[in-house]
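Trainee: Would you mind keeping the following structure in view while I ask a few things?
The values are calculated or read from the model by the stated rules, or taken from the named source; none is laboratory data. Quick caveat, the model's predicted, so the values are computed rather than measured. Each accessible area value is taken on the protein alone, full model and side chains, heavy atoms only, with ligands, DNA and RNA left out. Shrake-Rupley method; radii C 1.70, N 1.55, O 1.52, S 1.80 Å.
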Amino acid sequence: MRNLKLQRSGPYLVMAPGMLLLLLFAIYPFIFLFVISFQEYSPIQAVKPFIGIDNYAQLFQDHNFWNAIKVTAIFVISTVGLEFMIGLALAVVLNQLKLGQRIFQSIILIPIAMAPTVVGLMFRFMMNEQYGVFNYFVELLGFSRTAWLSDPQLALPALIMTDVWQWTPFMMIILLAGLKGIPDEPYEAASIDGASAWQSFRYVTIPQLSRIIFIALLLRTIDAFRIYDTIYMMTKGGPINVTSTLSWIVYDKGFKFLEFGYGAAISVVMLILVVTILMLVLRKIDLFETGGKS
């Protein structure tokens, strides 16, 4: 009887250290974040009064918050869309290569290995108005030098271009792995039926790759929401807040103005947005797997 009890409790004893660490480093910080979002919490104040939903009410009246929502939406849709299209094109080309595939693959993956702060600093130098290499080519084409990062019209596109340069290889490597997992039989059947290359791609490759595409888009969307390092190194949210995303105003309110409670409220709203997107994508994947019968 004692041995039976030990056998039944064995899995729980094995899981206990992991669950404890999860509780300590993931669940507790989230609970703390959620609690202080209902407080006037500042590290320089001894008293941290409970203020109910005042932080949330203030948040929805704050034009900086709505501007950050707009900037984040433009940034996420632009970067993830471009990274997907370029990454898919690169994956298809690499999948067709007979020689040198590993060499090209290794070269294309270099940007992922670089820290976002390094990439941000590198593009900041390259886009410098006086000595940046971007303006060297702009002058060669007959145009005048441009202040890429201080021009309100160009700062966000410059940030999007930097993110696309760094993270397109990530999208490419996931899609390439998916392409390599597609068997030859569907293509052979399509060829016998007289399908063109485009028809094979549209009606064989894309459906076979759909689950991988959703997962790749989901991972990049979650990551794009969190962008902070590159903004810090390139624009610091400016000029005039055109690159101020949700993650940036969380830092701005929390660590610059020490409004921890207000920053926590923004973080909670941001978390709800990301979880909603996550659930919609997972729901879409389920519909694909069940043929829309769920």
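Trainee: How big is the stretch 196-294 by the Kirkwood estimate over distinct Cα pairs, in Å?
Mentor: About 16.2 Å for the stretch 196-294.
Trainee: In whole Å, what are the Cα extents of the stretch 1-118 along the three principal axes, biggest one first?
Mentor: Computed over the Cα atoms, the extents are 65, 64, 23 Å.
Trainee: Using the heavy atoms of the protein chains alone and a 1.4 angstrom probe, what is the accessible area of the chain per residue in square angstrom?
Mentor: Heavy-atom SASA per residue in the chain reads 61 Å².
Trainee: OK, next. Just the C-alpha atoms of the stretch 96-186: what Rg/Rh do they give, with Rh taken as the Kirkwood radius?
Mentor: Ratio of gyration radius to Kirkwood radius for the stretch 96-186: 1.13.
Trainee: What are the extents of the Cα atoms of the stretch 84-243 along their three principal axes, listed from largest to smallest and rounded to whole Å?
Mentor: Per principal axis, max minus min of the Cα coordinates gives 59, 36, 28 Å.
Trainee: Under 5 Å between amide H atoms, partner at least 5 residues away or on a different chain: which partners does Q39 have, H built in plane at 1.01 Å?
Mentor: I51
Trainee: Relative to the present Cα-Cα distance, how much length would full extension add between D54 and K98 at 0.36 nm per residue of separation?
Mentor: Difference between extended and current length: 9.7 nm.
Trainee: Please report how far the C-alpha centroid of the stretch 185-225 lies from that of the stretch 42-97, rounded to the nearest whole angstrom.
Mentor: 28
Trainee: So which aspartates and glutamates can K98 reach, going by Cα to Cα under 12 Å and dropping same-chain residues fewer than 8 places off?
Mentor: Here the aspartates and glutamates satisfying the reach criterion relative to K98 do not exist.
Trainee: Ignoring ligands, DNA and RNA, please state the percent of accessible area on the chain from carbon and sulfur, probe 1.4 Å.
Mentor: The computed percentage sits at 69.
Trainee: What percent of all Cα-Cα pairs in the chain falls in each 10 Å bin, counting up from 0?
Mentor: All Cα pairs, binned at 10 Å, distribute as 5, 19, 24, 24, 17, 8, 2, 0, 0 percent.
Trainee: OK, next. Pick out the long, greasy-scoring helices in the chain: whole DSSP H runs spanning 24 Å or more along their own axis by Cα, mean Kyte-Doolittle at least -1.0.
Mentor: The qualifying helices are 2-22, 63-96, 155-180, 206-225, 260-290.
Trainee: Please report the orientation-averaged projected area of the stretch 60-149, defined via the convex hull of its C-alpha atoms, in nm².
Mentor: The directionally averaged projection comes out at 9.2 nm².
Trainee: Give me the number: length gained by fully extending V275 to Q7, i.e. 0.36 nm times residue separation minus the C-alpha to C-alpha distance, one decimal in nm.
Mentor: 92.8 nm
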